[in-house]
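A short write-up of the structure that comes next.
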Amino acid sequence: MSIYEIIQIKKYCKKKGIKFFLSNNIKLSIKLGLDGSYIPSFNKSLRHLAYKTKSSFIIMGSAHNIREIRQKEAQNVKFIFISSIFKKNKNYLGLYRFRLLSKLTNKRIVALGGISKLNKRKINLLNCFGISGISYFE
C-alpha cells in the first residue's frame, strides 16, 4: 500500500469518525498523524519507545502466550489482543486458558479468534475489554 493510499484512507476515516491504525509501522503512523499503531506478536522491537507521540496515540499489540504478553507490556501497548479464543488453529487457547492469560496482565484485553454470534455469550464469562474478529461481522 502506498503512502497516498494510506492518506486517502485516513481522510475517509476522519470524515466518518473512525479511528485508523496502521499495522507494524509505528514510525509511519506517527509521521502521518494516524490514531495509533498495531504491533503483531512477532514484533519484539522496543525502538518505538524513543519516538515522541501525541498523548492520544494508541499502541496495540497481540499475544498468544505469557512470554508475548510480557513483551507487549515492555512495548508499552495500551491493549493486548489475545488469540485464539475459539478458532482452533496453532494458537488455540479456549476459554479457560484465555482467562488464565488475561489475568496475568493489567493491560486491557481484547478477545480475538473465531468469535461469532453463536459463541459471543461465552465472552461474558471473561474479563475482557472488547472483542475483535472477522467471523462475527460476516
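Just so it is clear, none of the values below were taken in a lab; they were calculated from the coordinates. Not measured: the values here are computed from a predicted model. When we count neighbours, we look across all protein chains shown, and the Cβ atoms used for this are built from the backbone with ideal geometry, even at glycine.
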- prompt: Helix 3-16: angle to the longest alpha-carbon principal axis of the chain, degrees 0 to 90, nearest 10?
  reply: 70
- prompt: Using the alpha carbon gyration tensor of the chain, what are the three equivalent-ellipsoid semi-axes (square root of 5 times each eigenvalue), largest first, in whole Å?
  reply: 27, 19, 12
query: So, in Å, what gap is there between the alpha-carbon centers of the range 11-62 and the range 75-138?
result: 21
- prompt: Build a GNM of the chain with springs between Cα atoms under 10 Å: which of 120, 16, 103 gets the top mean-square fluctuation?
  reply: 16
task: For the chain, give the magnitude of the charge dipole about the Cα centre (Cβ charges: +1 Lys/Arg, -1 Asp/Glu; no others), in debye to the nearest 20.
output: 200
- prompt: For the chain, modelled as a Gaussian network with Cα springs under 10 Å, which listed residue fluctuates most, 30, 109, 80?
  reply: 30
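At 222 nm, what helix-only mean residue ellipticity would the chain give, in deg cm²/dmol to the nearest 500, using -39500 (n - 2.57) for each DSSP H run of four or more? List each step's numbers first, then the result.
Working: 4 runs with 38 residues, N = 138.
Roughly -8000 deg cm²/dmol at 222 nm, from the helical runs in the chain.
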message: Please give me the summed charge of the neighbours of residue 60: other residues whose Cβ is under 11 Å from its Cβ, Lys and Arg +1, Asp and Glu -1.
response: +4
- line: Here the relative contact order (percent) of the chain, from C-alpha pairs under 8 Å and at least 6 apart, is 14
